[in-house]
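I have placed the structure first, in the form of structure tokens, so that the comments after it can refer back to it.
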Amino acid sequence: MPVGAPQAAPQAPADGSPTMPDRRPGQSRQTRPNIQAGDLSLNESGAQYRSESRDARVGARFGRDWGGGGGSRIDIDYARLLGDTWAVGANASAGTERQELMLNGLYSPSKDLHFGLSLGWLRDTDTYQFHSGPDDVEVDQASALLRVIKRFDEGSWLTQLNASAYLARARKPDVGDAVMVEETPTLIRFLVDPREIAPGRLQGFNVGMGVAPWANAELKLTLGRETLRYRFQDGSGEKDSRATTGLAYTHALPGCWQLEGQANSGASGDRLSFGVRHGKWNLALARDGGAPGMKARTSLMVGLEAPLDGRSPRCSTLSQRQTATVRRLDEVFQRPRELPTRVLAKVDLTAVPVLLASLDKSSLGGSTVSATPDALIIKLPVPAVAVAQVDLNGAPSTNLGSDGRPLIWVQDGSLYLGIRRFPNPGAGATTPVSVVVVMSDASLTLVNFNAVGY
């Protein structure tokens, strides 16, 4: 172009978009490099920010449990995508006998590779058969799971490969002692059941795969191993190690219907479930056999599930639900099926009852006897007022135990014998005890018994 010649005006693009003149006329345009950092990208078109944080889902279910620790309960499930890399979710359950909270996280360095972590807390009330009889006990349990998932392209018969490692550990509950009474024609024996619960510890792993036998169905298979251990108060233990198998099947039907089924077997128990979905509604029936020795539990739940992105839920084919976005939501929305839904605990039968006292019926003389785990209670024909004298092995005693508390005392007109406060004479040995009691009519009553060693 000749010097001093007028510069040609820039031509507007054919699509009508605005044009910007070169910063330095006559200088050629330089191409910007393409840069991607998470949700932020910089390319020839400029800087862009794209987020999937609006992609979220919530579900609620209400139903009832039957069997071991039954009752009504409500479940809440939640999941949200945090960009293209992270996803978080939670499963909460609140019921009459069972409460649970599960937190799920998913990290996706690429669209076909995912790493998951789940942390759970469970509180479950169940009936335990102690030496002294059945009783309901509340037990807490913590659990954790790590998972890696490799996805494959849509349309492939192989949909995924995965591997998981997990553990669960129950916390030993504090259960109060109970008194047992054994009667013969001549004797009344009072025993104390220590009622110990042995908490279980579960460790397991599995590998699995997902296949699409046809366009509207998916089958997931897993195979692994679990080890369940119990530690008893006498130092002994129990171990159950066995192979685990898992099967999950999903089948989409015309009219926005979907069938779902799961079966899992392992040391922590056998679990079966079957469900049907129609649009945003779902119905599920499940059975959890629990660990060996536990009573099976059956549940029936009806639920509602909806997205939280402002769009109305719509019916889609199974292949559409296998997109990367929905898959990531599913991973943090669903409770990990490997983790036990029941606490792992059993009665410690090595904690045997101990003898508290043995009384000759002929010596009661119209008195009635009852007991607590710490004392024998004698209600005499006339209300008692005070303890005048206590002899141990024929010698006068201060009536004080090693902890400074009285061995024998009067309360509400009854005579209390603090059997566990007496000096222990040793297993099989006895200590003769004589007690002089002042009665409300100013008379004196003599009570004789033997403190049995252990």
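Which FRET efficiency value, to the nearest 0.05, is calculated for Asn448 and Ser402 with the Förster distance at 25 angstrom and r the Cβ-Cβ distance?
The calculated FRET efficiency here is 0.60.
Quote to one decimal, in nm, the extra length available between Arg201 and Lys111 on full extension: 0.36 nm per residue of separation minus the C-alpha distance between them.
Full extension from Arg201 to Lys111 adds 28.9 nm.
Obtain the nm distance between the two label points defined at Leu253 and Thr372 by a simple spin-label model: each point lies 7 Å from its Cα along the Cα-to-C-beta direction.
Result: 6.2 nm between the two label points.
Please give, to one decimal in nm, the separation of the simple spin-label points placed at Phe62 and Arg225, each 7 Å out from Cα toward the Cβ.
4.7 nm
Measure out, as a whole number of angstrom, how far apart the alpha-carbon centroids of the range 183-232 and the range 386-440 sit.
A separation of 46 Å, based on Cα centres.
Considering only Cα-Cα distances, which of the following residue pairs are longer than 29 Å: Lys172/Lys295; Lys346/Lys379; Lys280/Lys346; Lys220/Lys280; Lys239/Lys295?
Over 29 Å apart, Cα to Cα: Lys346/Lys379; Lys280/Lys346.
Going by how many other Cβ atoms sit within 10 Å of their own, how do Phe274, Phe333 line up, fewest first?
Exposure proxy ranking, most exposed first: Phe274, Phe333.
Can you work out the PRE-style zone for Ser236? Point 7 Å along Cα to Cβ, and I want the residues of the range 157-201 with backbone N under 20 Å.
From the range 157-201, the list is 193-201.
Per residue of the range 255-265, in order, report the coupling 6.51 cos²θ - 1.76 cosθ + 1.60 (Karplus, θ = phi - 60°) as ³J(HN,Hα) in whole Hz, putting x for Gly and Pro.
x, 6, 9, 8, 9, 9, x, 9, 9, 9, 9
Every number here is computed from the coordinates shown, using simple stated rules; none is lab data. Keep in mind that what you see is a predicted model, and the values were worked out from it rather than measured. Cβ atoms come from the backbone with ideal geometry, glycine included; neighbour counts cover every protein chain shown.
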